[in-house]
Amino acid sequence: MIHRSTSFLLSFVPSAPSWTTIDENKLPKVPELTTDVIELLERLSLVEFNNKAGVDRLTKVIQSVNRLYTVDTDGVEPLDTVLEDRVLHLRDDDVTDGNCRKDIISNATKTVEDYFVAPPGNIPLMKIERDYKPDTKSDSTESDSAT
Amino acid sequence: MLSLSLKEALSRLKDGSLSAKELCEKCIDRAVKTRELNAIVTPTYSQARKQAEVAAQTWSRTGKSTTSARKLEGLPIVVKDNFCTKGVHTTCASRMLENYVPPYNATVVQRLFTQGAVLLGKSNMDEYGMGSGSVDSIFGPVRNPWKYEFTNTRTIPEGTLDTSSLLASPQSPGEALGTRGLHRSVHPGTGGSNPGLHEEGAWRVAGGSSGGSAAAVAAGICFGALGSDTGGSTRNPSSYCGVVGLKSSYGLLSRHGLIPLVNSLEVPGIMARSVDDVNTLQNIMAGTDEHDSTTLTDDRFVTSDLPEDIDVKHLHIGIPKEYHAPGLSPDVLDAWRRAADKFEQAGAKVTEVSLPHTQYSILCYIVLCCCEVASNMARYDGIEYGHRGQQELSTEQMYAMSRHEGFNEVVRGRIFAGNFFLLRRNYEQYFLKAQRVRRLIKDDFTRVFDEGVNVLLTPTTLTDAPRYDWFTAADNRTRNEEQDIFTQPINMAGIPAVTVPAGLTSNGLPIGLQFIGQMFKDKEMLTVAKWFEQQVQFENLNLDHLDN
Amino acid sequence: MAAPMRVRAPRLCQICKCFPSSFLRCSSSTTSKRKWEGVVGLEIHAQILAESKLFSGACTKFGGTTNNQVSLFDAAFPGTLPAINRRCVEAGGQTALALNCQINKVSKFDRKHYFYADLPAGYQITQLRQPLAKQGSLRFPILRGDISPKCPLDYMTVRLEQIQLEQDSGKSIHNEDDKQSLIDLNRAGVGLMEIITAPDLSSGLESVSFLRELIGILTTVSTCNCKMEEGSFRVDANISVHQPGEPLGTRVEVKNLNSIRSVKNAIDYEIRRQKQQLQQGKQIINDTRSWDVSAGLTLPMRDKEIELDYRFMPEPNLPPLHVYDNTSIPAGLNPSQIVNIDVLQQQLPPLPAQQKQDLVTTYGLPELYAHRIEVKPGMRDYYKKVVEARPKDPIYIAVRMMGELLGEMNKKKLEFNDITCSPETFGEACDLRKLNAMTTREFEKVVEDLLENPPSETHLNRIRKRLLMGSRDSDEQLESICRQVLEDFEQGSHLKNAKLKRNPEKLLIFLAQQATKKSVEVRFVHARTVFKKLLNKE
């Protein structure tokens, strides 16, 4: 058991949080998630928001990360990877892999003569009429998706 | 016996006072008896028995000569279910990969096998590692073994308790149904089938996302476990479950075969009951892997044991003031202070330092995480592997259905957010901004280390393990923001960190403190952590009463 | 290189003869007659000649067993990671040097996201922000059909925006009946060089001329085999039209042009189509189209154009790619980890432009001939060997090779590396033809024989023999053939005969033509002489 100490006169651990309070009013506004944006995101993600709750969640995330605006990043280069100073290792041009068709198709639900099978392509996702306005009845995880 | 450290178990295997088969059966027995923790989702008992058999033969053949024995010969381990294991289901606790059986072993798993480790099972987690409580899993939540009141010793009739005989054949119910079978039908988020003796939701979460591995180590199911650490997923549950959890320097351990959440941040995590143990496992797994271009190729890392006699006099321990964050519990603050004092009293130089961008790190983490998630999840379409929706109208329609059905709400939400941040029109504003802030966070660490600090000392989590009902009252993102607050900045910087149990809170629950080291100076950091461990003399959870 | 290297002279406005700067003023008048000009930029996907794929150790050979040249990484199995092939980096570097590009000492990889059944990861690893090379240029001759060998070639220069390394996708076989696509991932992950030109081209002809030069360079430096029929060299064209001096028009992308002919026809068609649309006052829609070879049309690839956003993102699993030069090689680096631009430069074989110049100076060939010989893979080497064996008339040999030899090769679909006939023998045949020892048609027969595998010298031997025995026999033979023709003629249609007889010169030509049809050995000129003699007798 840790017995709470009553006082640390010379503690190196600060006695109170030192975080900056962020003035939420100074943050950029969350861009409006119009039906167009939602449809675009659904098409690019190929999953559905499902309902108003999904849109709300996205709005909240954006709202939350908008606080990054208060950080001054002028002249700071973006950091992709902590290995930015490292050199990419080069592999010799030898055939060391493949020849494992059985493994490759072993997890596929559907195959025809060792080919993977996809439904016809180049058909845009069908638009599903959905209501993203408040008061949708439920947040059910099952939907009439992809009908 | 199951509270032994890895090192102790190995020496007993070596001196013959314990056989590999016996040890394996003990661990299986413990896994079965602690099944309601829901730590293991795919038991691999028959494979484990075979591996233990080989180990037993090796030990009897080599006897006490240790030269030919492998480093982990016969040692039971558990692997988080996002590491690929050849021929063994690897689900990421997602419906998407419910039936996925990888044709290969992750490099780190392979290296453990090569040294004779015995795989006992795959451990539970948040779906694809997206969570910090191990509550968002298709298999149901993981329960923290601390302060947990088990029911099965009382409800399971006498006789069936002799599970070693029950599970002897591969067709036995224990394996055939397994925990996978047990929880398959459980609705996500409502908990396992076995409510235990607690009032609904009163038990503690294990932390996450590697909660299954942490719970397994704490409960004595295994001597070491693999987790993964993207923003704290190894350290957070380790802290909550009272075990040691190591996040190595980025690039030290291969990620090949670790099903990715955020490639640029995550590393395989190591969990065990002592600092020496995580060091042993790190030594075995570290090093260049031709399959992972981000593994280090130079000799900046040397495998070695940690010294026994440690002197901290020459050390400079930094206390980052920003880690006193809003919401820090008095218990944790107290433990932190005590630890700082210990170092001071032992002659180390202890100073307050500043990492000014700490509070923004979690925001930066959210943006980068969502973006990489959106990208990494794009491969799950139901064609080559994974859940395939019953929809053949068009490729996109089929993809949409597979992905909608296969991913839980948390994953889907992050995919949306990631794609939103990555849109051409938002890229600069969100993604690049987050990357710039990431540099500032990394530079904060670089600066304090350049100023002479050897190791930073911070809390690992704000509090001890929260109750399940409290934890699930808020959404995944909200919990993430508070749970990963002290852990994810380390991932931003790529540096090593380890959480070590620091004691019990007034609730009788463990909490850990975090040591943060310099890039590739994992050994120096672990040595400091070991000294601290020696001072604390933390008593591991002992569930031996379940054996009776 | 900020401005286009090829500056078009401003053309006079067709209506008011003003210069383009004052177009605004006259634009209200009839727009239909104004001059529209095509603007074309090409994106070329050239498969890198390498044993293994760009990021995996799977084999790249064309035409393997379905899904067998696939590593777990190529099929995007969860947890697999990319490891770059050194050869692909070197090939990209050599190509960049050959195309006068600036090579980035540090380049980076990015993910480009889109869903497609043959793209298993849901993204392609490519280079957007910092490609391997940028800002190159290529000078090439424009090959009009009617150019005379006497004229110097008309050259133009196209700017190359960048060369990037990227992964190829797999292949889908669309089965309309079963309403499904079959996916083979053998090609997935093969290394590609994407070469992107500035919009400096203006027609199918220019585009095709550019591509021929490019193919010559890539095959010379052996970084791509450029077999369009196997898909190892694919072209997308970005096409728009505008009026000179005006901003560029809305562009249309025509994808997957799989032969040189398709490139030419598709570009010319699309420019025509866009002009027509604009002349009819319609708008050009920024869409993606495919070329329908049989119908000779470009067609929209999708029912409706939807907003694309590839959501580019840095590839987190690949640290930056470094290349060095002699001055920048870091100490202590393993030599297998160094790609040195200076070494690549040294290893570059002489490029086509240099080779052409050599052909012109060494053999006195007209530029056009030198060009034709250079662009055909393997032709230069064969030509040089023939001339070495038979050095008398290099120009004559060039003409025969571009004529009968290429003609027969095209019929048989042969390439120079398929030819087993020795350069000496072919040279001898050329010499015999030059000596008038055989007719054009005989020469064709000889060439046809020599292209057999193994080469047959049946016809050649007959001519060699005939040459040894002198021509008397053949003179007699010729006369008898001519008599036969004359007899046939007399028995033919009286009306037509009467018409021909009124014009003796036409009659001679007609008869001589008939005689050449009787036997390959009959030479037109000789037959004409014989007929002249025979008719005069009468």
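What's the number of the condition B:PHE421 fails, among (1) in a helix (DSSP H, G or I); (2) at pLDDT 95 or above; (3) surrounded by 24 or more Cβ atoms within 10 Å (Cβ to Cβ); (4) at the interface with another protein chain (Cβ under 7 Å from one of its Cβ atoms)? It fails just one condition, (4). Being over 28 Å from the mean Cα position of the chain (by Cα), surrounded by fewer than 24 Cβ atoms within 10 Å (Cβ to Cβ) and either outside any helix (DSSP H, G or I) or within 8 Å of chain C (Cβ to nearest Cβ) (or both) is a property that does not hold for B:GLN429. Remark: pairs (first residue in region C:145-165, among the hydroxyl-bearing types (Ser, Thr, Tyr); second residue not in a strand (DSSP E or B); Cβ separation under 8 Å; 6+ apart in sequence or on different chains) = C:SER148/C:LEU368; C:THR157/C:MET5; C:THR157/C:ARG6; C:THR157/C:ASP200.
B:ARG438 meets each of the listed conditions (1) more than 8 Å from chain A (Cβ to nearest Cβ); (2) in contact with a helix residue (DSSP H, G or I) (Cβ under 6 Å, 6 or more places away or on another chain) apart from (1). In the set C:LEU348, C:LEU318, C:LEU333, C:LEU359, only one residue is of a type outside the set (Gly, Ala, Ser) and under 30 Å from B:PHE416 (Cβ atoms); that residue is C:LEU318. Restricting the search to region B:372-392, which residues are acidic (Asp, Glu) and either assigned to a helix (DSSP H, G or I) or more than 8 Å from chain C (Cβ to nearest Cβ) (or both)? Matches in region B:372-392: B:GLU372 only. Return yes when C:LYS499 is outside the structural domain of C:GLY403 (by the TED database), of a type outside the set (Asp, Glu) and over 47 Å from the mean Cα position of the chain (by Cα) and no when it is not. Yes; evaluated as a whole, the condition is true for this residue. When C:LYS376, C:LYS392, C:LYS411, C:LYS384 are checked against the criterion of being charged (D, E, K, R) and either closer than 20 Å to C:CYS226 by Cα or in contact with a strand residue (DSSP E or B) (Cβ under 9 Å, 6 or more places away or on another chain) (or both), C:LYS376 stands alone in meeting it. With respect to the stated conditions, B:THR294 is of a type outside the set (D, E, K, R) and at the interface with chain A (Cβ under 7 Å from one of its Cβ atoms). Quick check on C:LEU278: is it crowded, with 16+ Cβ neighbours inside 10 Å and within 14 Å of another protein chain (Cβ to nearest Cβ)? It is false that C:LEU278 is crowded, with 16+ Cβ neighbours inside 10 Å and within 14 Å of another protein chain (Cβ to nearest Cβ). Of a type in the set (A, V, I, L, M, F, W, C), within 22 Å of B:GLN429 (Cα to Cα), surrounded by fewer than 20 Cβ atoms within 10 Å (Cβ to Cβ) and within 8 Å of chain B (Cβ to nearest Cβ): is that true of A:VAL76 in this structure? Yes. Against the conditions (1) of a type outside the set (Ser, Thr, Tyr); (2) free of Cβ contacts under 8 Å to residues at least 12 places away in the same chain; (3) more than 28 Å from B:LEU97 (Cβ to Cβ); (4) within 14 Å of chain B (Cβ to nearest Cβ), C:PHE77 satisfies every one except (3).
Of everything in region C:315-336 that is touching a helix residue (DSSP H, G or I) at 6+ places or on another chain (Cβ under 8 Å) and not acidic (Asp, Glu), the residue that is farthest from the other protein chains (Cβ to nearest Cβ) is C:ASN326. Assess whether B:SER361 counts as being more than 7 Å from every other protein chain (Cβ to nearest Cβ) and either closer than 30 Å to C:PRO120 by Cβ or crowded, with 24+ Cβ neighbours inside 10 Å (or both). When the stated conditions are applied, B:SER361 passes them. Taking into account only those residues within region B:297-342 that are in a loop (DSSP other than H, G, I, E, B), of a type in the set (A, V, I, L, M, F, W, C) and within 11 Å of another protein chain (Cβ to nearest Cβ), which is surrounded by the most Cβ atoms within 10 Å (Cβ to Cβ)? The qualifying residue surrounded by the most Cβ atoms within 10 Å (Cβ to Cβ) is B:LEU328. Here A:LYS102 meets the list (1) within 30 Å of B:ARG388 (Cα to Cα); (2) of a type in the set (D, E, K, R); (3) within 7 Å of another protein chain (Cβ to nearest Cβ) almost entirely, failing just condition (3). Is it the case that C:GLY403 is surrounded by fewer than 18 Cβ atoms within 10 Å (Cβ to Cβ) and free of Cβ contacts under 8 Å to residues at least 12 places away in the same chain? For C:GLY403, the condition - surrounded by fewer than 18 Cβ atoms within 10 Å (Cβ to Cβ) and free of Cβ contacts under 8 Å to residues at least 12 places away in the same chain - is met. Screening C:PHE115, C:PHE140, C:PHE62 for residues that are among the aromatic types (Phe, Trp, Tyr) and either within 14 Å of chain B (Cβ to nearest Cβ) or free of Cβ contacts under 8 Å to residues at least 12 places away in the same chain (or both) leaves exactly one candidate, C:PHE115.
The values are calculated or read from the model by the stated rules, or taken from the named source; none is laboratory data. All values reported here derive from a predicted model rather than from experimental measurement. Cβ: placed from backbone, ideal geometry, glycine included. Neighbour counts: every protein chain shown.
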